[in-house]
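Report on one structure; see the data block that follows.
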Amino acid sequence: MVGEIRLYVEKNFQEQAQYYAVLLTSRGVNTFIEVVEKLNARFFRLNPKLALCVDAEGLWLCANGMRMQPDWKAEVGRLKRASIKSEMIARACNLSEKPELVDATAGLGHDSLLMAQLGANVTLIERHPILFTLLEDAKKAAEADLFLAKIVTRIHLVFSDSAKYLKQQADEQKFTDVIYLDPMFPQRDQNHQAEKKQAQVKKQMQLLHLLLPEDGEMDLGDELLDLAKTIAKRVIVKRPRHAVFLANQQPDHQWLGDACRFDAYFSHEICM
Ligand SMILES: C[S@@+](CC[C@H](N)C(=O)[O-])C[C@H]1O[C@@H](n2cnc3c(N)ncnc32)[C@H](O)[C@@H]1O
C-alpha cells in the first residue's frame, strides 16, 4: 500500500529502528534505514521529503521540516476539562449511555481518546500501516501515564480496512451502539474556519494529508456509511461545517459547530 519509505535514525537508536523496520515490513511497508549524525531542526529542513525517523521517543512521521506522532499526552488538559455537556461529539455519540463505539477511521486517535475519556468503550480501526504503528506506540505510552492509563483500558486497536471489518461484523451479526466516521476530506475544500485551528493540529493534519495523498486517489469513505448503518443503531459522521454529506445521504439530525459538524444517521431496525 505504501511501498518504500526512508527511515532516519541516529547511531544510538539503530536497534529501535530495526524493530520498527521489521514491524512495518510485516505490515507491507519497506523501510530504507539511513543512519544520520543528528536529527535536529536543520536536518529536517534540509530533508523535506516524507520519511520516518526514530529517536528516544519512538517513531515519527516527518516532512517539510516538521515531524509528528500522535501526542496523547498533549491532550490531557483538554481531556480534564471535557464533559458530556461541553463536547458536541459527546452529545452526537450519546456518550452519557457509555456506548460500545467503533471509530472506523481512527487517524491519530484524538477523537477516540476524548470519547473513551467520556465513557465510551472504543474500537479504533485504522488501515494505514504507518498510522496504525504510530497509534500502537501512542497507546503504549499512554498506558504508562498516570492520568491516561485508565482511559486507554477502554481503547482497542484493530489494523484493518474498515469496509472489510464492518462487512465481517455484519456477516457475524455483531451489532454495536455507535459507529463514528471521520474520513479524509480534501484539504483544499475545507472552509476558512478550519484554518483557525491551533498550530499543532494544523501541522498534524498537513502531515496526515501528505501520507494519504489527495491527487485523485483519496478515498472519501462514502462506502463506509451504508455498511455502518447495517450494524449500528447510530452512525455519526464528522464533516467540515460546509462539506457535502457523506455518500450524498441526508442525515436524520445534525449538530453544528464553528468549523465542523456531526451528521447523525439512526437505524431503528437494529435490536441488540
Ligand atoms: C481524518 S483522519 C481521522 C482523524 C481522527 N478522527 C482523529 O481524531 O485523529 C481519517 C483516517 O481514517 C483512515 N481511514 C480512511 N478510510 C479508512 C478505512 N476504510 N478503513 C480504515 N481506516 C480508514 C485514514 O487512513 C485516516 O487515518
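Values computed for the structure shown
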| item | result |
| --- | --- |
| Rounded to 10°, Cα long-axis angle of helix 14-26 versus longest principal axis of the chain | 40 degrees |
| Amide hydrogen neighbours beyond the local backbone of Ala259, cut-off 5 Å, H modeled | none |
| Angle in degrees between helix 129-143 and the longest Cα principal axis of the chain, rounded to the nearest 10 | 80 degrees |
| Distant-in-sequence amide H partners of Arg6 (H built 1.01 Å from N, under 5 Å) | Phe32, Leu52 |
| Net dipole in debye of segment 24-89 [+1 Lys, Arg Cβ; -1 Asp, Glu Cβ; about Cα centre; nearest 20] | 280 debye |
| Estimated dipole of segment 48-119 in Debye, rounded to 20 [Cβ of Lys and Arg +1, of Asp and Glu -1, Cα centre] | 260 debye |
| The chain: most fluctuating residue of Asn248, Asn94, Asn47 per GNM, C-alpha cutoff 10 Å | Asn248 |
| Lys/Arg +1, Asp/Glu -1 at C-beta; the chain dipole; positive extreme among Val76, Leu59, Leu131 | Val76 |
| Karplus 3J(HN,Hα) series, Hz, for segment 176-182 with 6.51 cos²θ - 1.76 cosθ + 1.60 (x for Gly, Pro) | 9, 6, 9, 10, 10, 10, 9 |
| Cα-based Rg and Dmax for the chain, where Dmax is the largest Cα-Cα distance (Å) | 18.9, 61 |
| J(HN,Hα) series, segment 28-33, from Karplus relation 6.51 cos²θ - 1.76 cosθ + 1.60, nearest Hz, glycine and proline x | x, 10, 8, 10, 10, 7 |
| Long-range HN-HN contacts of Val36 with modeled amide H, under 5 Å | Val9, Glu10, Lys11 |
| Ordering of 52-65, 74-87, 254-267 by packing [mean C-beta count within 10 Å, highest first] | 52-65, 254-267, 74-87 |
| Largest-first ellipsoid semi-axes for segment 3-68, taking √(5λ) over the Cα gyration tensor eigenvalues, angstrom | 18, 14, 9 |
| For the chain, size of Cβ-based charge dipole, Lys and Arg +1, Asp and Glu -1, in debye | 900 debye |
| Centroid-to-centroid separation of segment 18-39 and segment 70-84 [C-alpha atoms, Å] | 30 Å |
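Readers should treat all values here as calculations from the given coordinates under stated rules, not as data from a laboratory. Predicted model only: the values in this text are computed from it and were never measured. Note that we place each Cβ from the backbone using ideal geometry, even for glycine, and neighbour counts take in every protein chain shown.
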